[in-house]
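Read-outs throughout are calculated quantities, based only on the coordinates presented, and are distinct from any laboratory measurement. From a predicted model like this one, the values you see are computed outputs, not experimental measurements. Counting neighbours? That spans all protein chains shown, and the Cβs are built from the backbone with ideal geometry, glycine included.
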Amino acid sequence: MRITVWRDVLDSLGDAILVLSADLEPAALNPAAETLLGVSKPSSGFIHELLGRNDWLARMIASCLKSGQNLSDPDAELILNRRSVAVRAEASLLMKEDGRIRGVVILLQDLSHQKSTERTVEGSAAGLRLSPAGLAHEVKNPLTGIKGAGELLAAMFRNDARAQGYCNVILEGVDRIAALVEQVLAFSSNQRLAAQPVNIHRVLHQALKMAGLYPNCPAGITVKQLFDPSLPEVIGDAGALERVFLNLIRNAIEAIGPRGTIMLSTRMETQFRMTAEGRRRHFLRVEVSDSGKGISDEELAQLFTPFFTTKPQGTGLGLVISQRIVTLHGGNLWAERGGVAATDGHADYNRGDRASGSDGAGSSGPAAMTPATTSPGMTFKVTLPVRTDSPEA
Ligand SMILES: Nc1ncnc2c1ncn2[C@@H]1O[C@H](COP(=O)(O)OP(=O)(O)OP(=O)(O)O)[C@@H](O)[C@H]1O
Ligand SMILES: [Mg+2]
């Protein structure tokens, strides 16, 4: 499970990650690396050629393997078959559990986009490259070392309760910073979203899967799905939308604890918006409701404030990032108090009945699928514009 999640994290990173064995055989690469290098299954010949063209990278890897130190080059030129790309490169050792060297992890951050922005920035600050993504990378490097050292210390003083306490402080702090860094990196790479036809139910199933609720769900948690299978596709970025619903589902899981109900529902909005060209823009709506503890009015007002969190390990960025992604898709994400009743009997939902005058796509009106019984918990509502063929006003 842990490994699957990390695989998902690596796959959703915007930065290219390439893993080579100690004798420079290709071992793994993430989709961003496939895109950057233009190859999905690199052969050893390909790696040999790549390192031949990029002497600086070959030297960096060799010296990382020899010295055991993480090395980085903030501004390098990666020469590929027919083009060259400005990158920031890092090489870190990949260790086996017994402490022996397994290989090297190479991170390549494509700077072409940043370079073009930098050219337009005036003043000396531009030279410092204080981008959130750059800072996040800088923070990430020493974290791996701190975490490894913390784990080793914990293992060395297994019977010392005080030492275990201190190690826990270190390890929990590291995990929290690591989570923050991942969120910042994900946020920075989500600025460039794909615009592909996306089946929203596939996205929801994928998010449920990543949250560990599908196809099997832990005992005590009930997941209800109230899906309208006839919904049209959304135009957008499936990976980014999965992140949105994963965040919402994880929040719901965290709110209900070991027992409770989470309900996902989808439907078409009856109302539409007019575009500047006089076309109708239709929206679908996804709701994620839970039977959790709910929140106070004060908390509700702060939900979408960066770094607002009530969780010891939380970053307080999950909802902010999710809202940003939805907005970039032309939709809306908002929250309302009241969720779903914590029963696993039949659902009491007034499907399609508008509780009162919601103005539909995009505004924070009351839910169309309001639970018949008022329950604690929360409902997060997302509207997204759908692909539509109706041209007329
Ligand atoms: N379904 C929910 N029920 C109750 N409270 C919620 C729910 N979703 C979010 N919250 C509250 O909103 C806060 C912010 O949520 P957000 O997802 O932005 O960050 P987080 O969950 O604290 O951290 P992270 O997402 O990094 O784990 C949470 O700490 C929690 O207090
Ligand atoms: Mg969260």
| remark: What the Cα atoms of the range 1-120 span along the principal axes, largest first and in whole Å, is 49, 33, 26
| Of LYS224/LYS293; LYS293/LYS381; LYS41/LYS96, which ones are farther than 21 Å apart at the Cα? | LYS41/LYS96
| request: Treat the count of other C-beta atoms within 10 Å as a stand-in for reagent exposure and order VAL198, VAL19 from fewest to most. | output: VAL19, VAL198
| task | Return the whole-Å distance between the Cα centroid of the range 157-173 and the Cα centroid of the range 244-283. | result | 41
| task | With a Förster radius of 35 Å, plug the Cβ-Cβ distance of GLN196 and ASP98 into 1/(1 + (r/R0)^6) and report the FRET value to the nearest 0.05. | result | 0.20
